[in-house]
Amino acid sequence: MDQKEPLVEVKNLKKHYKDSSRSLFKRNQSVVKAVDNVSFTIEEGETFGLVGESGSGKSTIGRSILRLTDITDGEILYKGKSVHQLSKQELREHRKSFQFVFQDPFSSLNPRIRIGDAIGEALLDHGLATKKEIREKVLEVLNLCGLAPYHIDRFPHEFSGGQRQRIGIARAIIMDPEFIVADEPVSGLDVSIQAQIINLFSDLQEKKQLTYLFISHDLSVVEHIATRVGVLYLGTLMELGSRDEIYENPLHPYTKSLLSAIPIPDPTVKRERIVLQGDVPNPANPPTGCKFHTRCPFAREKCKTIVPEFKEVEANHFVACHLV
Amino acid sequence: MSDNTILDVKKLSTHFFTENGVVKAVNDVSFSVSEGQTVCIVGESGCGKSVTAMSIMRLIEDPPGKIVDGEILFQDKDLIHASKKDLRRLRGNDISMIFQEPMSSLNPVLTIGEQITEPLFEHRLLTKKQAKQEAIKLIELVGIGRSNEIFHSYPHQLSGGMLQRIMIAIALSCDPLLLIADEPTTALDVTIQAQILELLKEIKEERNMSMLLITHDLGVVAEVADYVVVMYAGKVIEQGSVLDIFKDPKHPYTQGLLQSKPVLNQRKKRLYSIPGQVPNLIDLKPSCYFYDRCEHRMSICGGSIPEKMEVDDNHQVACWLYEKEEVRT
Amino acid sequence: MNSYFIKRILYLIPTLIGASILIFFLYSLIPGDYVDTDPNLTAERKAELKELYGLDQPVITRYFTWVGNLFQGDLGYSLQFQRPVTEVLGNYIWSSFFVALASLIITWFLAIIIGVISATRHYSLFDSTVTFLVFAAMATPSFFLGLIMIKFFAVDLGWFPAGGMITTGSNFTGLEYFKDLAEHMILPVLVLVMLSVGGLTRYFRTNMLEVVRQDFVRTARAKGLKERVVIFKHAFRNAMLPAITLFAFELPALFSGAIITEQIFNWPGIGAIYMQAFTVRDYPLLMGFTMFIAVLTVISNLIADLLYGVADPRVRLK
Amino acid sequence: MEETTVQTEHMAKYRKSNLWKQVFRRLVKNKMAMTGLGFLIFIFVFCMIGPFFSPYANGGVDAININQPPSAEHWLGTDALGRDVLTRLMEAGRISLTVGLGAMVMSVFIGTLLGVLAGFYQGIVDQIIMRTADVLMTIPGLPLLFIMAAVMSEWKVPAENRLYIVMVMLSIVGWSGLARLVRSQILSLREREYMHATESLGLRDRRKLFVHLLPNIVPLLIVVGTLSVGGAILSESVLSYFGLGVVPPTASWGNMINAANSLIDFQNRPWLWIPPGVAIFLTVISINLLGDGLRDAIDPKMKSR
């Protein structure tokens, strides 16, 4: 890889929030470390896949990068500028170049706004085009996203889940952003529709030279779309590397078991499966040492006490594990 | 049908009468489950797979839903015309069911113990002490330690995976002949899903129980099913042994479904995708319901509904492509 | 320990201070006072009395004196009764309390039964009838309902006494006394029940309908439990939970009495006293009483929270 | 059942109209609500236009025909001053309906404004508004109304303007509940993904507020507003009955019932005080039926029937 500046640089990102569980006479306040010291970079033009189970902090990272939520500590650089230190005006300017695609196609569209207006309103609000130009531009992105021109005057409830996700994508790309964070964009969709949307993401990337941060719990989807993959567990990166490295040469026991847990739609394939014992621990009270040691089939004494270093074991392949 | 058939669904139709019209959620569905067999109903949302399961349990909310036609025979007993009392004796006893959302499927104000022992009192008439012992055994059976502590805890104190195990324990409490599992792992993480699937397989083997598993996940189907029923828009479009369905799918929809799913370690430049959307179940036309989205559509497909036909031993498909020339024209 | 509980109590203080300010200054806005309204007094005597009662002081000073006394449990001195307000309240509060308690019990009993039945058979004739009656009850002005009751049951039919607490001039004792009291209570209680049963029935019905749709009720049915068990053990308990809060909210109403019904039925309770105090401008009594209700409201809020915590395992054990 | 909801989603794409048309269609199908609406229209016409057709309009005093029972000339009899009760009922209705509507408009305005401010800007603004609402809510509505009414009685407001004072009072008591409701609605809307989307698109606050948030609380306001007209009419009648609201010679349904305070009128002349009570009852029940129907039509998921 040549030495160009990364598009996004996440440095020691921490996001903690107070979890107050109320009981009869006392309030237990505990700090949940949703994201705990995560660092990675996203290069221009790539699709960075972020995978993890529920509670891994993957969505929080995505939202932090676009400053849709505040962070506790660390820094996020977008083209060298610290996103969380921008003024309100600067942030508004930046919003034109990075966009977000939401998970739930049903709640991500305002039910009372026609989809033409929903897609075009950002241009209008930022004063980027006249009403007439906006309509043309909206028609153009509708077409690009596989929707018909007559859809422009309809309301969200007239569309199916897959179509709504297309609308959400159209809304994100109308300002010609360079970078898109897609948070579980296909997990609410059926298989046949999911494939349509994944293909749409690939097509748009080709046509518009987009960079993606693609967040998903589904490793097979990520394998299909991502060029580089980070594996999260309880707010910490366990493994990071190119797609080929992660899927063909996984090093972390968690990555291995995650991959082996996915059922393969082929009844003739019989695989050796690592079934992890127990549940994901409560993020408000994470295990000491390596966070994975409570479920790791290979855990040793030192895993319980010492936090493993996130080290580069092969070129551009990082792992946080004592055993590697 | 073989002699050891325990569940036989014949021409079942369940409709919902809504303010926008009649939704034909389940439309002329037939299949059967034999002893010790695992049958999977697979399909996308809105295909009627869950409504089929709920119809078998006779748990369709009426109104707006109603079983309008067909027969459901469980050990030759007709469930559609069974009395409420007879149904109650079957449910939780001979047929039991687990659901998609373990978090909301258990009563938040009752302890786990109270909820496990309920069917034991109801169907097995155990005493309080016996029921508790039995419940503890069941909790251990589904792979949860600290059974005594769990017995006294409330649902919100347990994780989703644990709650699904508890649901399984409740379902198994009266040694059912048939377990209906409606998307039992959909709400769970992959690693937990793997645990639950292992557990279900183990238990099924041990008890020679039959299982009807409802899922949208082809991976899960391949892993547990003996026999597969593929549904689309309220109809069975193909059914056959798990090998037939995965290795020799006949219906264009089954083929498309298998190809559009991204599979681990099988990279493709581009995913195959089925164009278009699932049709509206209210005003269905007398055509193959997959007509609009089908690559192989012919003129006959737009005009009449294909009947299920045998293409192979125990492998049936409802598609005009496999009908003999003379019928087609 | 109990830091949450203490926090909750501390949190009440600003609300109560706000309430005291609001109450005091609202009353102080009313021109004229008890002394002014008495035409038999000379100007000198008025000035004397005003000084005696502290009415010549600036408003702010009077406020602090009043609040200071409140802290010592002194609600002031009723000018009309010439006795401490606490004593007056103590005298009349119980007759209000009994009427309110009787109607509260009957209301909840009826509302729970009717609400649950109409939820389990919604769409039925019973349900539609109930729904209509509920709307009717909620649309009737309380005083009008009282008047109609008196007109028909007391005046025209003569079944019950038209007002008061005991028959005037009678001196019943023992069982006779209670019988007399009960006869007088029937109409006011009936009116109170009719007025509040509607809203509550509807509340239970809505709650039940919501709970019956939940997944765990489906699970209970799938277990093969009897419908009775499904409804009463599984659904009803969950539907009752939010009602606990509501029950605690009724506490101030128990003591504050039903101002309107007591006035209409001439029931010697706290509500009737309140209306009397109005006509003669007995401010210490009015303010004391209003403040008393405010404190009760705040306390019952707290109790509601605590009760809920006891009843709901999700809050109880964490 | 998860599947049926999915199916309605699928059906959704065949309904080619906006949400308001659907609401209207559902409302028209609701018999109870339509009966309520019909009655309301009737009462409105009766009160607003009725007096123009009455020969006894404008408080015509008739010293000869006092306290007459219902007859062909005076359908509902006459009162102590010989005024026609039916005509007075219409005139009183104008006042009562005006007070109800006016109080609703004011409390909806204040409640929405403060609720939106509190929910949208949060922080200190929120604290001040909500603590004030808390304080107001510690004192039950009726005593609070009585105190205010007493204060205002002393201001010697001319009788014909008392109704405006009553409106103001009712809205002072009424806004706090509504503000809470609006605030919680705003807070929950802010958590919807489409509101996060407005953030990620970098839209201005003004747009978020006026294009995205406010239109989404309008349905709530319509329902609560409708129901609160009924509440206001009831409260006004109580105040007027006790002589603290609208006072004679201006008639309101509440102060007409005041006739019942005289023992003779109460026992022997029910035509003086029963008709206004029935009028209140019919008006409020119609409003509530309509409001309930609106709630069901706007949000079928909340449907209680």
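Residues in region B:280-285 carry Karplus couplings, in order, of 5, 7, 7, 10, 7, 8 Hz; the curve used is 6.51 cos²θ - 1.76 cosθ + 1.60 with θ = phi - 60°, and Gly or Pro positions show x. Only the Cβ atoms of Lys and Arg (+1) and of Asp and Glu (-1) were treated as charged; on that basis the dipole of region A:133-250 about its Cα centre amounts to roughly 360 debye. Of B:T215, B:P275, B:S105, whose Cα points farthest to the positive end of the dipole of chain B (charges on the beta-carbon: +1 Lys, Arg; -1 Asp, Glu; origin at the Cα centre)? Looking along the dipole axis, the top candidate is B:S105. Cα to Cα, under 16 Å, and not fewer than 8 places away if on the same chain: which lysines meet these conditions relative to B:K324? The qualifying lysines are B:K250, B:K308.
Going by a ≥ b ≥ c, the root eigenvalues of the Cα gyration tensor, does region A:133-186 fall in the rounded group (a/c under 1.5), the prolate group (a/b larger than b/c) or the oblate group? Oblate. Each Lys or Arg adds one and each Asp or Glu takes one away; over the other residues whose Cβ falls under 12 Å from the Cβ of D:P248, this sums to 0. Between the helical axis of A:131-144 and the longest alpha-carbon principal axis of chain A there is an angle of about 50 degrees.
Divided by 2.2 N^0.38 Å, where N counts the residues, the Cα radius of gyration of region B:100-187 comes to 1.01. Each residue of region B:267-273 is assigned a 3J(HN,Hα), and the resulting list reads 7, 10, 5, 9, 6, 6, 9 Hz, derived from the Karplus form 6.51 cos²θ - 1.76 cosθ + 1.60 (θ = phi - 60°), x at Gly and Pro. Only lysines eight or more places from D:K29 in sequence, or on another chain, were considered; those with a Cα closer than 21 Å are D:K16, D:K21, D:K301, D:K303.
With +1 assigned to the C-beta of every Lys and Arg and -1 to the C-beta of every Asp and Glu, and no other charges, what is the dipole magnitude of the protein assembly as shown about the Cα centre in debye, to the nearest 20? Could you put the intermediate results ahead of the total?
Numbers: 129 positive and 131 negative charges, 150 e Å.
Once rounded to the nearest 20, the dipole reads 720 debye.
For B:C40, what residues show an amide H to amide H distance below 5 Å, using hydrogens built from the backbone and excluding near sequence neighbours? Answer set, sorted by chain and number: B:L213, B:D226, B:Y227, B:V228, B:V229. Annotation: the residues B:R58, D:R162, sorted from fewest to most other C-beta atoms within 10 Å of their own C-beta, follow the order B:R58, D:R162.
Each label was represented as a point 7 Å from its Cα along the Cα-to-Cβ direction; for A:E248 and D:A72 these points are 10.8 nm apart.
Please report Rg over Rh for the protein assembly as shown, where both radii come from the alpha carbon positions and Rh follows the Kirkwood definition. Don't skip to the answer; put the middle values down first.
Numbers: Rg = 35.7 Å, Rh = 35.2 Å.
Rg/Rh for the protein assembly as shown comes to 1.01.
Among the listed pairs B:K24/B:K85; A:K291/A:K311; B:K84/C:K223, a Cα-Cα separation exceeding 20 Å is found for B:K24/B:K85.
Farthest toward the positive end of the dipole of the protein assembly as shown, out of B:V51, A:L142, A:T41, is the Cα of A:T41, where the dipole comes from beta carbon charges about the Cα centre. Averaging the Cα positions of each part gives two centres, and for region C:128-166 and region A:242-297 these lie 71 Å apart. For chain D, find the longest principal axis of its Cα atoms and tell me its angle to the long axis of helix D:162-190, 0 to 90°, nearest 10. Its long axis makes an angle of about 20 degrees. Amide H contacts of B:I180 (H built 1.01 Å from N, in plane; Pro and chain starts excluded): B:S96, B:M97, B:I98, B:L212 sit under 5 Å, all sequence-distant by 5 or more or on other chains.
Computed FRET efficiency, Cβ-Cβ of D:I49 and C:T65, R0 56 Å: what is it to the nearest 0.05? Intermediate results must be reported in sequence, preceding the final value.
Numbers: r = 57 Å, r/R0 = 1.02.
After rounding to 0.05, the efficiency reads 0.45.
Evaluated with a Cβ-only charge set (Lys, Arg +1; Asp, Glu -1), chain C carries a dipole of roughly 1980 debye about its Cα centre, given to the nearest 20. When the Cα atoms of region D:84-177 are aligned to their principal axes, the ranges along those axes come out at 57, 25, 20 Å in descending order.
Let me have the 222 nm mean residue ellipticity of chain C computed from DSSP H runs of 4+ only, each contributing -39500 (n - 2.57), with the sum over all residues rounded to the nearest 500.
Numbers: 15 runs with 231 residues, N = 318.
Helix-only estimate at 222 nm: -24000 deg cm²/dmol.
For C:L241, what charge total do you get from the other residues with a beta carbon under 10 Å from its beta carbon, if Lys and Arg give +1 and Asp and Glu give -1? Provide the component values of the computation, followed by the final result.
Numbers: positive: C:R237, C:R314; negative: C:D312.
After counting each charged neighbour, the total is +1.
Among the listed pairs B:K49/B:K201; A:K33/A:K81; A:K96/A:K208; A:K15/A:K58, those whose Cα-Cα separation exceeds 19 Å are B:K49/B:K201; A:K33/A:K81.
Once the cut-off is 34 Å, how many percent of the Cα-Cα pairs in chain C end up in the long-distance tail? Before the final figure, lay out the partial values.
Values: 20533 of 50403 pairs.
Here the tail beyond 34 Å accounts for 41 percent of pairs.
Over all other residues within a Cβ to Cβ distance under 15 Å of C:W159, the charged ones net out to -1, with Lys and Arg as +1 and Asp and Glu as -1.
In peptide D:197-210, what is the residue-averaged number of other protein chain Cβ atoms found within 10 Å of each Cβ? Present the calculation step by step, with values, prior to reporting the outcome.
Details: counts 14, 5, 8, 14, 15, 13, 7, 3, 0, 1, 4, 1, 0, 0.
Per residue, the average neighbour count from other chains is 6.
Here's the picture: charge each Lys and Arg Cβ at +1 and each Asp and Glu Cβ at -1 in the protein assembly as shown, and of C:T120, C:T173, D:V23 the one pushed furthest to the positive end of that dipole is C:T173. Cross-link partners for B:K269 among the aspartates and glutamates, with Cα-Cα distance under 16 Å and sequence neighbours closer than 8 places in the same chain left out: A:E46, A:D203, A:E206, A:E223, A:D244.
For B:V29, the amide hydrogen comes within under 5 Å of the amide hydrogens of B:K11, B:L12, B:S13, counting only partners 5 or more places away or on other chains and with H modelled in the peptide plane.
For a paramagnetic label modelled on A:L124 (point 7 Å from Cα along Cα→Cβ), amide N atoms under 20 Å away belong, within region D:210-233, to D:210-219. For region A:239-250, 3J(HN,Hα) computed residue by residue from phi via the Karplus equation (6.51, -1.76, 1.60; θ = phi - 60°) reads 8, 8, x, 5, 4, 4, 4, 5, 8, 9, 9, x Hz, glycine and proline entered as x. Let me make sure I get this right: for region A:156-231, a, b and c are the square roots of the gyration tensor eigenvalues over alpha carbons, sorted descending. Under 1.5 in a/c it's rounded, otherwise prolate if a/b > b/c, else oblate. Which is it? Oblate is the answer for region A:156-231, as a/c is 1.5 or above yet b/c matches or exceeds a/b. Shape class of chain B from the alpha-carbon gyration tensor: prolate, with a/c at 1.5 or above and a/b greater than b/c.
Read-outs throughout are calculated quantities, based only on the coordinates presented, and are distinct from any laboratory measurement. All figures in this text were calculated on a predicted structure; none of them were measured in a lab. Note that each Cβ is placed from the backbone with ideal geometry, even for glycine, and that neighbours are counted across all protein chains shown.
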